[in-house]
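Contents: one structure, followed by commentary.
The values are calculated or read from the model by the stated rules, or taken from the named source; none is laboratory data. Worth saying up front: this structure is predicted, and the values here are computed from it rather than measured. All Cβ positions, even for glycine, are placed from backbone atoms using ideal geometry, and neighbour counts span all protein chains on display.
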Amino acid sequence: MNNSRTSRWGWLFLGVGFFFLYAPMLSLIIYSFNENRLVTVWSGFSVKWYGELMRDEQMLGAAWVSLRIAFYTACASVVLGTMAGMVMTRMRAFRGKTLFAAMITAPLVMPEVITGLSLLLLFVSLSTWTGIDMSRGMMTIWIAHVTMCMAFVTVIISSRLAELDRSLEEAAMDLGANRIKVFFVITLPIISPALISGWLLAFTLSLDDLVLASFVSGPSSTTLPMQVFSSARMGVSPKINALATILIVTVSFVGVIGWYFMERAERRRQMEMQMATKQE
């Protein structure tokens with residue numbers, strides 16, 4: 001009886017939690033089809049705000065800038081995060097390894113305001129001391145986002161590498177494979193779910209960032225969060241609801257695809273392990 005009551009309370013709290021998280025999104029999606037200009041007053045179904053959004057070149061330009069930066073950031077973060085994870089989990093202890101790990105994960109706990117201000121001062125100093133043109137734009141935003149996202153990706157990948165059975169890599173090297181081939185043939189397929197998770201997380205963090213981009217962006221590199229924030233200060237437009245709906249659908253679609261590939265990789269890994277066990 002007590003177990004049944006506990007189960008009911010658990011489902012109740014779970015339902016309340018999901019409602020708290022997703023009810024605002026559902027409301028936003030519903031009101032994106034509102035005909036009224038006032039976002040909180042329903043006056044009829046209409047898709048005209050999606051048409052208005054498609055004609056807003058400034059908003060679409062900011063979205064395109066954010067998508068490109070997020071894609072490049074996710075790719076670079078996965079590469080650098082994998083390298084950092086290999087150093088933290090595969091290399092023997094060396095002088096400064098603890099400091100290296102602390103510096104890699106520092107952006108996780110560092111306030112974004114401090115990180116953004118530090119990067120801004122760094123770019124200005126580099127331009128002054130070296131003469132290199134470090135004018136703020138997409139490149140500086142990309143560097144700032146990689147600095148932040150790489151820490152999250154490193155934690156995910158290093159955790160997966162720490163759980164990896166080293167005997168698989170050692171067996172491959174005993175059979176004559178070098179370390180590079182072992183990494184690409186054995187290690188990389190096994191940690192592929194972590195790579196996909198890190199890529200998706202980095203893409204989302206970069207696409208959502210406002211603080212860092214505000215410090216290191218230039219006049220010709222306005223990101224989507226900056227554009228939405230500046231527009232919302234003048235009053236929320238139904239076009240923002242339409243844009244948010246498109247983003248929610250797009251991110252959900254990408255998340256489902258990522259989940260599918262991770263699940264497929266995990267099933268393949270389990271089948272290979274079962275076949276290897278039977279052969280033994």
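Annotations
- Test: residue in region 96-103 that is hydrophobic (A, V, I, L, M, F, W, C) and either surrounded by 18 or more Cβ atoms within 10 Å (Cβ to Cβ) or not in a helix (DSSP H, G or I) (or both): no
- Checked against (1) among the hydroxyl-bearing types (S, T, Y); (2) surrounded by 18 or more Cβ atoms within 10 Å (Cβ to Cβ); (3) under 14 Å from I143 (Cβ atoms), S118 passes all but a single condition, namely (2).
- Pairing residues of region 197-225 that are within 21 Å of K239 (Cβ to Cβ) and surrounded by fewer than 20 Cβ atoms within 10 Å (Cβ to Cβ) with residues that are basic (K, R) and modelled with pLDDT of 90 or more, at Cβ distances under 8 Å and at least 6 apart in sequence or on separate chains, gives no pairs at all.
- Test: residue in region 127-137 that is of a type in the set (S, T, Y), surrounded by 11 or more Cβ atoms within 10 Å (Cβ to Cβ), modelled with pLDDT of 90 or more and part of a helix (DSSP H, G or I): no
- Of all residues in region 248-262, one or more are without any contact (Cβ under 8 Å) to a residue 60 or more places away in the chain, of a type in the set (S, T, N, Q) and within 30 Å of E35 (Cα to Cα).
- Residues being of a type in the set (A, V, I, L, M) and within 13 Å of F261 (Cα to Cα) - total across region 188-202: 6
- Residues in region 13-42 that are outside any helix (DSSP H, G or I) and surrounded by fewer than 11 Cβ atoms within 10 Å (Cβ to Cβ): T40, V41.
- Matching residues, region 160-194, being within 26 Å of the chain's Cα centre (by Cα) and either under 30 Å from V216 (Cα atoms) or assigned to a loop (DSSP other than H, G, I, E, B) (or both): L164, I191, A194
- Leading residue by the ranking (farthest from the chain's Cα centre (by Cα)) among those in region 198-240 that are among the polar types (S, T, N, Q) and modelled with pLDDT under 85: S237
- Pairs are defined by a Cβ separation below 6 Å, a sequence spacing of at least 6 or placement on different chains, a first member in region 167-192 that is among the small types (G, A, S), and a second member that is not in a loop (DSSP other than H, G, I, E, B); the pairs so defined are A172/V182; A172/I186; S192/A265.
- Residue list for region 142-159, restricted to those being over 15 Å from the mean Cα position of the chain (by Cα) and either surrounded by 19 or more Cβ atoms within 10 Å (Cβ to Cβ) or not in a helix (DSSP H, G or I) (or both): S158
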